[in-house]
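Enquirer: One structure, pasted below without further comment.
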Amino acid sequence: MAVATAAWLLFLAGVCLTTANPVVVSQPQVAMADWVVTAAPIAGRAKRICIEKIWGDSLPAGEVDVLNLPENWPRSRNGRYLVPLSRVDGQLRVTTLKSQSVDRPPLVYPATDGAIAQMLAFRRSVATPARQPMKVSIEPAHLGGPGLP
């Protein structure tokens, strides 16, 4: 009985470790980004990534410098990340939200199938014909408008 209990507890611990805390991609951050890329950090180069895939508009693949990369990346099983990027004063930066604390690192996401699906679904839902850098205004709904109580 003790072996079965121990096996069951190990199984539950494994389930918790592999399914807890799913990646949730910030839709406002993706909307503000000029590009979203799949990239890998380059060992020994703190502010450099290797872009492997560009989701949307063109940006050269390969190694690029990004000014505000996080020092500690979130855990990723495959070493790949979704990185929302913006060009500011001619330099690439991880896109940050105005509401984001300057004391916290910018948000990047492990490039899981779920995170990529979230990002693609959101980009498709707000696609613009010209595909200029995607800018979306997210405002609270107003009560009392036409047809509303």
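Enquirer: Within the range 11-28, track down each residue that is modelled with pLDDT of 85 or more and either touching a Gly at 6+ places or on another chain (Cβ under 6 Å) or of a type outside the set (Ser, Thr, Tyr) (or both). Don't jump to the end; show me each part of the working.
Expert: The initial filter retains those residues of the range 11-28 that are modelled with pLDDT of 85 or more, namely 24-28.
Correct list: Val24, Val25, Gln27, Pro28.
Matching residues to (1) acidic (Asp, Glu); (2) modelled with pLDDT of 90 or more:
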| site | (1), (2) |
| --- | --- |
| Asn72 | no, no |
| Ser76 | no, no |
| Gly79 | no, no |
| Ser86 | no, yes |
| Gln91 | no, yes |
| Leu97 | no, no |
| Asp103 | yes, no |
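Enquirer: Now a separate question. Condition test on Ala31, is it over 15 Å from Arg93 (Cβ atoms) and either at pLDDT 90 or above or out of contact with any strand residue (DSSP E or B) (no Cβ under 6 Å at 6 or more places or on another chain) (or both)? I'd like the intermediate steps shown before the answer.
Expert: Working: over 15 Å from Arg93 (Cβ atoms): yes; either at pLDDT 90 or above or out of contact with any strand residue (DSSP E or B) (no Cβ under 6 Å at 6 or more places or on another chain) (or both): yes.
Here the answer is yes, as Ala31 does meet what is asked.
Enquirer: Which pairs turn up if I take residues in the range 68-84 that are farther than 21 Å from Leu120 by Cα and look for partners that are in a strand (DSSP E or B) with beta carbon separation below 7 Å, at least 6 apart in sequence or on another chain?
Expert: Every condition considered, the pairs that remain are Asn68/Arg93; Asn68/Val94; Leu69/Ile49; Leu69/Val94; Trp73/Pro41; Trp73/Tyr81; Arg75/Pro110.
Enquirer: What single numbered condition from (1) loosely packed, with under 15 Cβ neighbours inside 10 Å; (2) more than 11 Å from the chain's Cα centre (by Cα) fails to hold for Arg123?
Expert: That leaves (1) as the condition not met.
Enquirer: Restricting the search to the range 39-87, which residues are closer than 15 Å to Pro106 by Cβ and part of a loop (DSSP other than H, G, I, E, B)?
Expert: Ala46, Lys47, Val66, Leu67, Asn68, Leu69, Pro70, Glu71, Asn72, Trp73, Pro74
The values are calculated or read from the model by the stated rules, or taken from the named source; none is laboratory data. Only a predicted model underlies this, so the values are computations on that prediction, with no experimental measurement involved. Using ideal geometry, Cβ is built from the backbone for each residue, glycine included, and neighbour counts are taken over all protein chains shown.
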